[in-house]
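What follows is a set of notes on a single structure, which appears directly below.
The values are calculated or read from the model by the stated rules, or taken from the named source; none is laboratory data. Source: prediction; values computed, not measured. Glycine also receives a Cβ, built like all others from the backbone with ideal geometry; neighbour counts cover every protein chain displayed. Side chains are part of the model used for accessible areas, which takes the heavy atoms of the whole protein and leaves out ligands, DNA and RNA. Shrake-Rupley method; radii C 1.70, N 1.55, O 1.52, S 1.80 Å.
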Amino acid sequence: MGQLVNGQWVDDDAVSNDKSGEWTRPATIVRDWIRADGSTPFTPEVGRYHLWLAYNCTWSQRTLIVLNLLGLDHAVSSSIAHVHRNDGGWWFRDGVDALQPNASQPWESWSNTDGFVTAEPVQGLSLHSVYTAHDTHYTGRCTVPVLWDRTLGRVVNNESSEIVRMFQHEFSALAKTPRDLRPEALRAVIEQTNKWVYDSINNGVYKVGFARSQAAYEAALDRLFAALDRCESILAGQRYLCGNELTESDIRLFPTLVRFDPVYFGHFKCNTRRISDYPHLSGYLRDLYQTPGFAETVNVQAYKLGYMGRSERLNPSRIIPPGPVLDWHAPCEERKAL
Ligand SMILES: N[C@@H](CCC(=O)N[C@@H](CS)C(=O)NCC(=O)O)C(=O)O
């Protein structure tokens, strides 16, 4: 794994489990905001910001879905990391102008969204060099997604939940297909939903998979399936999590659902039930998958290679199963009728 300590990469193998065996996610560090009203040094502009992402990263996927849904992909470019985090962390084929902001560079030369899904390790531009370009003395984990500002040559924010909010609320003037994914009338229910979905499902699968004691594993597993059961009963009566319109909460749940049967079920031992065993949840997953903006962010092979291909602890043989057979193109007319 590894992280930066005072600007130097250290290949530590720290795992964040406490004494009970429970796994905790380290806090996110850079939390600045782009504001349309000019109240921060970061203003929304076409071509100014770049996203460093990985297809196999669930947190990256939500930022990409929001970019697609709002029609902001013309304004914010992105690079997709190689699926394997190896010694040195995440790697990209090349960089945003090699991290030297240069306004004269044509757009095409700094956008790289070709996926980069191969089993072979690579070395190109490291994510940690993005973090040290931001701060030569950076200390902390080097995570994706990262929102990079080419004008100021620094990171704006590396917390996905905040990046998606900036895209929604601060980039509306640049959005080709603006829509409100957090309507005022639903804000309270969206906040509540995000909280339990994050604790028990989005982050919950990691708590199950990375638990280091039977008790911690079972507690996280119970919370996960209680929350999935709760989704199933909500979705029995309405098309989306917070009502009959698509909201941010659906975008946050989708990346976990789409990885569940191919990866979390086996690799993280989340195997009480598959998503395909839930009639409403599986119809909802297909419905979202078939909504323009979602499917193009999905890369199941990247999930398998990324999670299972280099996990010494959970999959020492590194064997990748070809299955399961999934069909997210199957009709879901009953969902649209809700
Ligand atoms: N709070 C962050 C979490 C991001 C995160 O944990 N990203 C993972 C990939 S899915 C990562 O890059 N981990 C590298 C590391 O921890 O060293 C967010 O939601 O943006």
I'd like the per residue volume of the convex hull spanned by the Cα atoms of the range 8-84, given in cubic angstrom. 173 Å³
Ranked output for segments 53-63, 124-134, 303-313 by mean other Cβ atoms within 10 Å, highest leading, reads 53-63, 124-134, 303-313
Under a GNM of the chain (C-alpha, springs under 10 Å), which listed residue has the highest mean-square fluctuation: L147, L314, L285? L314
Considering only protein heavy atoms and a 1.4 Å probe, what is the carbon-and-sulfur percentage of the accessible area of the chain? 51 percent
Quick one: Karplus J couplings for the range 229-242, per residue in order, coefficients 6.51, -1.76, 1.60, θ = phi - 60°, nearest Hz, x for Gly and Pro? 4, 5, 4, 4, 6, 4, 6, 5, x, 8, 6, 10, 4, 10
In deg cm²/dmol, rounded to the nearest 500, the helical mean residue ellipticity at 222 nm of the chain, built from -39500 (n - 2.57) for every DSSP H run of length 4 or more, is -9500 deg cm²/dmol
Can you find, among I234, Y206, A220, the residue sitting farthest towards the positive end of the charge dipole of the range 141-251, where Lys and Arg contribute +1 and Asp and Glu -1 at Cβ? Y206
If you average the C-alpha positions of the range 165-225 and of the range 236-312 separately, how far apart do those two centres end up, in angstrom? 13 Å
Can you tally the net charge around T40? Count Lys and Arg as +1, Asp and Glu as -1, for every other residue whose Cβ sits under 10 Å from the Cβ of T40. -2
Using packing as a proxy for protection, rank 265-274, 78-87 so that the peptide with the highest average count of other Cβ atoms within 10 Å comes first. 78-87, 265-274
If each of S20 and D277 carries a label point 7 Å out from its Cα toward its Cβ, how far apart are those two points in nm? 2.6 nm
In the structure shown, of K19/K207; K19/K269; K176/K304; K269/K304, the pairs separated by more than 23 angstrom at the C-alpha atoms are K176/K304
Contact order normalised by length for the chain, with contacts defined as Cα pairs under 8 Å and 6 or more residues apart; what percent is it? 20 percent
Which order do the peptides 135-146, 180-191 take when ranked by the mean count of other beta-carbon atoms within 10 Å per residue, highest first? 135-146, 180-191
Quick one: which residues, 5 or more positions from Y138 or on another chain, have an amide H under 5 Å from its amide H? H modelled 1.01 Å from N in the peptide plane, none for Pro or chain starts. G7
Among the aspartates and glutamates, select those whose C-alpha is under 17 Å from the C-alpha of K336, and discard any that sit fewer than 8 residues away in the same chain. E232, E245, D250, D287
Treat every Asp and Glu Cβ in the range 243-316 as -1 and every Lys and Arg Cβ as +1, leave all other atoms uncharged, and give the resulting dipole magnitude about the Cα centre to the nearest 20 debye. 460 debye
Placing one identical point scatterer on every Cα of the chain and ignoring solvent, what is log10 I(q)/I(0) from the Debye formula at q = 0.09 Å⁻¹? -0.47
Mean accessible surface per residue for the chain, computed with a 1.4 Å probe while every protein chain stays in place, in Å²: 42 Å²
Which FRET efficiency value, to the nearest 0.05, is calculated for D180 and A295 with the Förster distance at 25 angstrom and r the Cβ-Cβ distance? 0.65
For a quick check of your reading of the filter: which chymotrypsin sites (Phe, Trp or Tyr not before Pro) in the range 1-41 sit in a DSSP loop and have no more than 12 other Cβ atoms within 10 Å? none
Using each residue's phi in the range 152-167, evaluate 6.51 cos²θ - 1.76 cosθ + 1.60 at θ = phi - 60° and report the 3J(HN,Hα) Karplus result to the nearest Hz, with x for Gly and Pro. 8, x, 7, 6, 8, 6, 10, 10, 4, 5, 7, 4, 5, 5, 4, 4
